[in-house]
Amino acid sequence: MLILPKRIMNQIGRHALQSYPFECCGLLAGHIREHKRVEACYPLTNTCRGIKSRYDIDPREYLETDKLAQAQGLQIIGIYHSHPDNPARPSDYDLRHAWPAYSYLIVSVREGLIADAKSWMLAEDEQGFEPEQMQYEVTQR
């Protein structure tokens, strides 16, 4: 299960809307204990230019962000990205680039509005994705 504070979901939603009609992307950081708990999100630059329905992350930016998260006592537990005018489910491209154990939070943006958000995990056989339960949390932080 992915536990996601509403304030972080709001940050991700704003990033998705600002990037529309292109995909946004970023990293989810937090802790894995009984469940995955997101403590921070880090918006990244989508380096996939000219294709609206695809994202790529610069490996150097990933490593820099991972170091920042570690300095804050967090670990990278997933990736978020948006699907402009498409459902919040993984594409074939997403499957080819997925890593085991990560949560993949996908935000569907339709006509400039957030339509849906779902989390997924790569299946054990790595041939597809399985839905991951998501719980929104209202925090005072």
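I'd like to check something: does region 18-29 contain any residue that is at pLDDT 95 or above, of a type in the set (Gly, Ala, Ser) and part of a strand (DSSP E or B)?
Within region 18-29, one or more residues are at pLDDT 95 or above, of a type in the set (Gly, Ala, Ser) and part of a strand (DSSP E or B).
Could you say which residue among Arg141, Arg54, Arg49, Arg37 is modelled with pLDDT of 95 or more and either aliphatic (A, V, I, L, M) or over 12 Å from the mean Cα position of the chain (by Cα) (or both)? So that I can check it myself, show each step before the final result.
Details: Arg141 fails: modelled with pLDDT of 95 or more; Arg54 fails: modelled with pLDDT of 95 or more; Arg49 fails: modelled with pLDDT of 95 or more.
After ruling out the rest, the residue left standing is Arg37.
Restricting to region 87-141, and then to whatever is in a loop (DSSP other than H, G, I, E, B) and of a type in the set (S, T, N, Q), can you tell me which residue is surrounded by the fewest Cβ atoms within 10 Å (Cβ to Cβ)?
Our first condition is that a residue be in a loop (DSSP other than H, G, I, E, B); within region 87-141, this holds for 87-91, 97-102, 111-112, 123-128, 133, 138-141.
From the residues that got through so far, the ones that are of a type in the set (S, T, N, Q) too are 91, 127, 133, 139-140.
On the way: Ser91: 16, Gln127: 8, Gln133: 9, Thr139: 9, Gln140: 5.
My answer is Gln140.
Filter region 22-48 down to the residues that are more than 20 Å from Leu68 (Cβ to Cβ) and in contact with a Phe, Trp or Tyr (Cβ under 9 Å, 6 or more places away or on another chain), then identify the one that is surrounded by the fewest Cβ atoms within 10 Å (Cβ to Cβ).
Looking only at region 22-48, we keep the residues that are more than 20 Å from Leu68 (Cβ to Cβ), and these are 22-23, 33-35, 48.
Right, trim to in contact with a Phe, Trp or Tyr (Cβ under 9 Å, 6 or more places away or on another chain) and you get 22-23, 48.
Details: Phe22: 20, Glu23: 23, Cys48: 16.
Going through the qualifying residues, I end up with Cys48.
Which pairs do you get when a residue that is of a type in the set (S, T, N, Q), found in region 111-140, comes within reach of a residue that is part of a strand (DSSP E or B), reach meaning Cβ atoms under 6 angstrom, with the pair 6+ apart or on two chains?
Hits for this filter: Ser119/Leu2; Ser119/Ser103; Ser119/Leu105; Ser119/Glu132; Ser119/Met134; Gln135/Ile3; Thr139/Pro5.
I'm checking my understanding of the structure. Among residues of region 69-86 that are outside any loop (DSSP other than H, G, I, E, B) and out of contact with any strand residue (DSSP E or B) (no Cβ under 7 Å at 6 or more places or on another chain), which one is surrounded by the fewest Cβ atoms within 10 Å (Cβ to Cβ)?
At the first step, the residues of region 69-86 found to be outside any loop (DSSP other than H, G, I, E, B) are 69-71, 75-84.
Pick out the ones that are also out of contact with any strand residue (DSSP E or B) (no Cβ under 7 Å at 6 or more places or on another chain) and you get 70-71.
Values: Gln70: 12, Ala71: 8.
Residue satisfying both the conditions and the ranking: Ala71.
Yes or no, residue by residue, for (1) closer than 21 Å to Phe129 by Cβ; (2) in contact (Cβ under 8 Å) with a residue 40 or more places away in the chain:
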| residue | (1), (2) |
| --- | --- |
| Asp56 | yes, no |
| Arg60 | no, no |
| Glu64 | no, no |
| Gly73 | no, no |
| Ile77 | yes, yes |
| His81 | yes, yes |
| Asp85 | yes, yes |
| Ala88 | yes, no |
| Ser91 | yes, no |
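The values are calculated or read from the model by the stated rules, or taken from the named source; none is laboratory data. From a predicted model like this one, the values you see are computed outputs, not experimental measurements. Please note: Cβ atoms are built from the backbone with ideal geometry, for glycine as well, and neighbour counts cover all protein chains shown.
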